[in-house]
2 protein chains.
Amino acid sequence: MKILIVHAHPEPHSFNASMTHKAGDALRRAGHQVTVSDLYAEGFDPVEAPRHYQDRENRDVFSPLGEQRHAYKGGTLAPDVAREIDRLEQADLLILQFPLWWHGMPAILKGWMDRVFVSGGLYSSKMRYDAGYFRGKRALVSMTSGAPAQAFGPGARGGDPDTLLWPVHYSLHYMGFTVLPPFTAYGVQGHGYSYQSNDALGRHLQALLDGWVEHVTQIDNAKPLSFPGWQDWDVDGRALR
Amino acid sequence: MKILIVHAHPEPHSFNASMTHKAGDALRRAGHQVTVSDLYAEGFDPVEAPRHYQDRENRDVFSPLGEQRHAYKGGTLAPDVAREIDRLEQADLLILQFPLWWHGMPAILKGWMDRVFVSGGLYSSKMRYDAGYFRGKRALVSMTSGAPAQAFGPGARGGDPDTLLWPVHYSLHYMGFTVLPPFTAYGVQGHGYSYQSNDALGRHLQALLDGWVEHVTQIDNAKPLSFPGWQDWDVDGRALR
């Protein structure tokens with residue numbers, strides 16, 4: 001299996017980095033091929049903007065979707081976007097690794113979606129959801145939070161993980177991915193702290209890493225999340241039931 | 001009343017720009033003071049990263065939250081972040097104006113939250129939610145979508161607006177804002193198209209602008225959205241009921 005980890009943390013010694021390294025090592029040991037898109041290390045620009053389009057369809061008015069379509073068809077996509085699409089094409093499994101910032105992905109990863117999921121190329125009005133471009137591929141979210149696990153759930157202080165991840169998961173579903181259950185490392189404190197320390201926090205972090213490695217190496221047993229598809233909507237997109 | 005519109009669209013002639021202009025004009029006519037943070041025009045950098053911190057608390061390991069706290073206390077916040085905080089301090093009402101990209105805010109606006117909602121300054125473990133820094137101020141989302149209104153709702157193709165906006169709304173709630181009902185302009189097609197054209201699309205867009213102006217000038221009649229607060233949680237953040 002070929003696996004792409006899109007990694008979104010600014011610090012190479014962060015716990016997120018440990019998660020990406022540990023997962024990569026375990027997956028390689030299991031015989032898989034692993035590629036990491038380290039968005040910070042690669043200086044990925046997450047801002048969808050005119051500067052990324054050399055050959056404009058319309059020089060007067062910048063329409064992101066129009067220019068995405070035009071650049072895809074003309075083969076003039078920005079090199080970083082073309083590179084990310086190439087990595088996605090090759091992957092059987094996509095992993096998004098990030099710290100939960102403001103109930104969602106860090107901007108650098110949100111903008112990776114904004115720029116890389118190209119309109120007119122990787123999706124169209126018909127090529128979406130269960131008819132999406134990446135159908136047959138799987139995807140999953142792996143995130144960290146400083147808050148403790150008990151603070152998450154319906155009505156709880158940190159919010160319900162299913163709700164807060166809905167926009168991320170549904171965007172992956174939109175692109176055709178089969179979305180696997182997420183993994184969340186809660187209570188990640190002590191930035192730059194070694195998870196190898198033999199104290200309570202060190203043992204907690206080590207257990208999280210072990211749990212993540214188990215999660216990611218056992219995905220064939222995971223039941224995918226369920227989202228509505230074309231058979232659930234009328235022609236205008238209304239829910240049929 | 002002082003109003004801050006944080007505007008997140010790359011094209012000055014976009015429908016989003018029309019929404020910001022129309023709201024600004026109407027609110028000024030009603031006697032209010034309006035400031036616009038035009039994130040694209042100002043070249044706002046949405047990527048939380050070491051480059052924004054000149055005086056580091058820890059030069060070896062970059063902890064975003066640790067450096068935010070340190071910079072806030074030491075008065076060394078990046079000038080763009082300090083400017084945005086100043087604008088927020090002055091505002092009675094915050095409006096976020098953006099196109100719905102991948103079921104959420106464009107990266108430039110997500111990163112505005114990542115960088116501007118400064119840990120240790122604008123929030124702490126105690127100063128959050130209904131005890132948040134900006135309590136007493138109001139906030140609302142105004143967004144556009146190319147998809148038609150009927151495609152939105154529970155189980156519908158575009159998703160349930162309450163769910164997809166939850167991370168944005170809850171982040172505003174976290175900061176102490178009273179969150180007002182959002183406004184969504186659905187079916188915004190024809191980028192760069194004049195809403196003054198006297199055809200079906202022009203009339204649709206004109207009606208959306210009129211609706212938005214009415215929404216934003218009538219906010220005193222709007223019933224705020226309801227989110228859980230400190231009285232709803234136990235000490236660990238679990239929901240009490």
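Computed from the coordinates by the stated procedures, all read-outs in this text should not be read as laboratory data. Quick caveat: nothing in here was measured; it's all calculated off a predicted structure. Please note: Cβ atoms are built from the backbone with ideal geometry, for glycine as well, and neighbour counts cover all protein chains shown.
Treating each Cα of segment A:88-214 as one equal point scatterer and applying the Debye formula with no solvent, the log10 of I(q)/I(0) at q = 0.13 Å⁻¹ comes out as -0.61. Note on B:59-67: average number of Cβ atoms from other chains within 10 Å of each residue's Cβ is 5. Helix A:64-74 and the longest principal axis of the Cα set of chain A meet at an angle near 80°.
The residues packed around B:Ile3, meaning those with a beta-carbon under 11 Å from its beta-carbon, carry a net charge of +4 if Lys and Arg are +1 and Asp and Glu are -1. Just to verify a number: FRET efficiency for A:Ser125 and B:Arg59, C-beta to C-beta distance, R0 = 60 Å, to 0.05? For R0 = 60 Å, the calculated efficiency reads 0.75.
When only Cα pairs below 8 angstrom with a gap of at least 6 residues are kept, chain A shows a relative contact order of 21 percent. Legend: mean number of C-beta atoms from other chains within 10 angstrom of residue C-beta atoms, peptide A:234-240, equals 6.
In a fully extended conformation the segment linking A:Asp25 and A:Ala207 would gain 63.9 nm over its present Cα-Cα distance, using 0.36 nm per residue.
When peptides B:67-74, A:228-235, B:4-11 are ranked by their average number of other Cβ atoms within 10 Å per residue, the highest-first order is B:4-11, B:67-74, A:228-235. Each Lys or Arg adds one and each Asp or Glu takes one away; over the other residues whose Cβ falls under 15 Å from the Cβ of A:Glu214, this sums to -1. For segment A:86-99, putting each phi into the Karplus relation 6.51 cos²θ - 1.76 cosθ + 1.60 with θ = phi - 60° gives couplings of 4, 5, 5, 4, 7, 7, 8, 9, 10, 10, 9, 10, 7, x Hz, in residue order, rounded to whole numbers and with x for Gly and Pro. Given R0 = 56 Å, the distance between the Cβ atoms of B:His32 and A:Lys223 translates into a calculated FRET efficiency of 0.60. Cα centroids of segment A:134-156 and segment B:143-159: how far apart, whole angstrom? About 24 Å separates the Cα centre of segment A:134-156 from the one of segment B:143-159.
The per residue volume of the convex hull around the alpha-carbon atoms of segment B:166-241 is 136 Å³. What whole-number distance in Å separates the alpha-carbon centres of segment A:215-229 and segment A:39-116? If we compute the Cα centre of each part, the gap is 26 Å. The value given for the protein assembly as shown is a Kirkwood hydrodynamic radius of 23.2 Å, derived from the mean inverse Cα-Cα separation. Size descriptors for segment A:17-65, from the alpha-carbon set: Rg then Dmax equal 18.0, 52 Å. Charge tally around B:Arg29: other residues with Cβ under 14 Å, Lys/Arg +1 each, Asp/Glu -1 each, net 0. Per-residue shielding of B:144-153, expressed as the average number of other chain Cβ atoms within 10 Å of the residue Cβ, stands at 3. Here the protein assembly as shown is assigned +1 on the Cβ of each Lys and Arg and -1 on the Cβ of each Asp and Glu. Its dipole about the Cα centre then comes out at about 360 debye.
Over chain B, DSSP H runs of length four or greater, each weighted -39,500 (n - 2.57), average out per residue to a 222 nm ellipticity of -10000 deg cm²/dmol. For segment A:135-225, trypsin sites (Lys or Arg not before Pro) are listed when DSSP marks them as loop and at most 15 other Cβ atoms sit within 10 Å of their Cβ; the list is A:Arg135. Rounded to the nearest 10 degrees, what's the angle between the helix B:107-116 long axis and the longest principal axis of chain B, both from Cα atoms, 0 to 90? The two axes meet at around 40 degrees.
Note on the protein assembly as shown: lysine pairs with Cα distance below 16 Å, sequence gap of 8 or more or different chains, count 5. For segment A:2-232, the direction-averaged projected area of the alpha-carbon convex hull comes to 13.8 nm².
Between B:Glu89 and A:Asp162, the simple label model (points 7 Å from Cα in the Cβ direction) yields a spacing of 4.3 nm.
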